[in-house]
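J.: What follows is a structure written as structure tokens; I'll ask about it next.
What follows is calculated from the coordinates using simple rules that are stated; it is not laboratory data. Just so it is clear, the model here is predicted, and its values are computed rather than measured. A quick note on method: Cβ atoms are made from the backbone with ideal geometry, for glycine too, and the neighbour counts reach across all protein chains shown.
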Amino acid sequence: MRVLGRTPHPTALNAARRRRELAALGDDPTVDVLVIGGGITGAGIALDAASRGLRTVLVERHDLAFGTSRFSSKLVHGGLRYLAAGQFGIAYESAAERHLLMARIAPHLTGSLAQVLPLHDDGYMSRGAYIGLGYVLGDGLRRAVGTPGAVLPAPGPVSADEVRRLAPGVRTSGLHGGVRGWDGRLVDDARLVVAVARTAAGYGARVLTRVEAVAATGDGAVLRDVLTGERLAVRARAVLSATGVWAGGLDASVRLQPSRGTHLVVDAARLGAGDVSLTALVPGSSSRFVFTVPAPHGRAYIGLTDVPVSGPVPEVARATDAEIDMLLQVIGTVLDRPLHRGDVLGTFAGLRPLLAGDADEPSDLSRRHAIIPSSTGVLSVVGGKLTTYRRMAQDGVDAALRHAGLPALACRTHEVPLVGAWPRARLGEIAAPARLVHRYGAEAPYLSRFGGGPDAACGVTAAELAWGVAVEGALTLDDLLDRRTRLGLVAADRDRSGPAAASAFGRAGVDPVGDAVAAE
């Protein structure tokens, strides 16, 4: 499938394409760039390299967005918290990359989100002034990088009545007003990863999930097809590891200090169903917050913890009881009806691949990224954050070109729209329901060709499930439920949707393969 003629090759990922491209790689196992890891960083590197004309292969031992990339707060941060920490370079970079995502790269997957901090009780004026100043500084970054006010409005104070209107679940006793700022939001972080990977495929990259790099050096790797067990030796001019918190598995010299960010999933109605991020200051802190984020399927997310993690890195992180209690307690300080354990429909947690440093708290560690060469020649791209994935990828490919002695080809990804991208002001022209437009963009009308089976829970249609199999590379039921639709975030939704997901594979004439991680 071609996307508005923007890519020279088809962008659809599926089981048949995977088989063809694995076979072709076996016939000619020489490439320019081998990327290990199918999260947002790896997908971004694959797109950057392929769009420069380099022969590129991406391998991922599980599925696209399997690890940290699907467990974010679903925000496109403008760098406000980095300003507070004095990290001005990262703050500016975040604002600049947010602008590119919202204005050009993925307008359909992004939007504005009002962040409302209610001001209660004594000391509200000083708190409001402090937070308001931070919002003003962040707005200065927005203006500096050229993001128009029509996309992200200017911040400012709001009255108590306006706070109650915007966030109906807010605690009214002692409410004096609030401060409203703005940031970018993602419809779905996993969808962003899939869109980047598909766009990379459209520029000729081979995107191979369920393929593991069992050994790697700077000039190649031994790959194993997880589905068949077959092995393949690949030669590469440059090898980049984008494996996040698992980077030490390929290069023991990489020093990371992971931290766990946990979120809760609740019914949006329990918060009053407002379409803003209701924000609460963590007691004893001037820069850490717990906040709500409107989510698909009538849900809302509540996050975010920042807990140091030591020991072996799990395939999938889990929320702890202490984190759940902390999030409920802090957000409860700004709610009229505090939440309880029974309100929690699900949880999710991701591990941030932070560079090791001297900070006392994980939240104080730098979010900068780094390109670390190993003694074997593998380049590890580590650190960073989802918002700045494109710049991380650019720096990684630049380093690979220097390492391999290849010509210094210019990066193009600042001007490359992702599959489905359409001008923000014209999204209403797309002939499809708004919910689908904000998930599939200009491709939304094509979903109608894939109907005919049972729908899943929460209004997810049979066409969306079939699209995930035929176009978005889902090979297992988990791929479809946990990463293409996110129904797996709530166990009850997942259970109700299992038969519909199986039917989608059946209609495509494809047997879903066994899940690679039984404990997922």
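J.: Hey, with R₀ at 25 Å, roughly what FRET efficiency would D495 and D321 work out to, going by the Cβ-Cβ distance, to 0.05?
T.: 0.60
J.: I'm a student and want to see the number: the projected area of the Cα convex hull of region 423-498, averaged over all directions, in nm².
T.: Computed as one quarter of the Cα hull surface, the answer is 5.1 nm².
J.: Given 0.36 nm per residue, what is the gain on full extension from A434 to E415 after removing their alpha carbon distance, in nm?
T.: 4.3 nm
J.: What is the order of H403, H414, fewest Cβ neighbours within 10 Å to most?
T.: So the ranking, lowest neighbour count to highest, is H414, H403.
J.: Mind listing the long-range amide H neighbours of L345? Cut-off is under 5 Å, sequence gap 5 or more, other chains count too, H placed in the peptide plane at 1.01 Å from N.
T.: Here V265, V266, D267 satisfy the definition.
J.: State, in angstrom, two size descriptors of the chain derived from its alpha carbons: Rg to one decimal place and Dmax to the nearest whole number.
T.: Here Rg and the maximum Cα pair distance are 22.2, 72 Å.
J.: For region 388-520, rounded, prolate or oblate, judged on the Cα gyration tensor with a ≥ b ≥ c (square roots of eigenvalues), a/c < 1.5 rounded, else prolate if a/b > b/c?
T.: oblate
J.: I want the antiparallel fraction of DSSP beta bridges within the chain, as a percent rounded to 5.
T.: Close to 75 percent.
J.: Still on this structure: Once you have the Cα-Cα distance between S310 and R17, take 0.36 nm times their residue separation minus that, and quote the gain in nm to one decimal.
T.: 101.6 nm
J.: Under a point spin-label approximation (7 Å from Cα along Cα-to-Cβ), what is the R6-T228 distance to one decimal in nm?
T.: 3.4 nm
J.: Using Cα pairs closer than 8 Å and at least 6 residues apart in sequence, work out the relative contact order for the chain, in percent.
T.: 20 percent
J.: What is the gain in length, in nm to one decimal, between R235 and R426 on full extension, counting 0.36 nm per residue of separation less the C-alpha to C-alpha distance?
T.: My answer for the length gained is 64.3 nm.
J.: Expressed as a whole percent, how much of the Cα-Cα distance distribution for region 202-247 exceeds 13 Å?
T.: The calculated P(r) of region 202-247 puts 63 percent of pairs beyond 13 Å.
J.: If you don't mind, another one. I'd like the distance between the alpha-carbon centres of region 466-499 and region 90-150, rounded to an integer number of Å.
T.: 33 Å
J.: Shifting gears a bit: Cα axis of helix 491-507 to longest principal axis of the chain: angle in degrees, 0 to 90, nearest 10?
T.: Between the helix axis and the principal axis of the chain, the angle is about 30 degrees.
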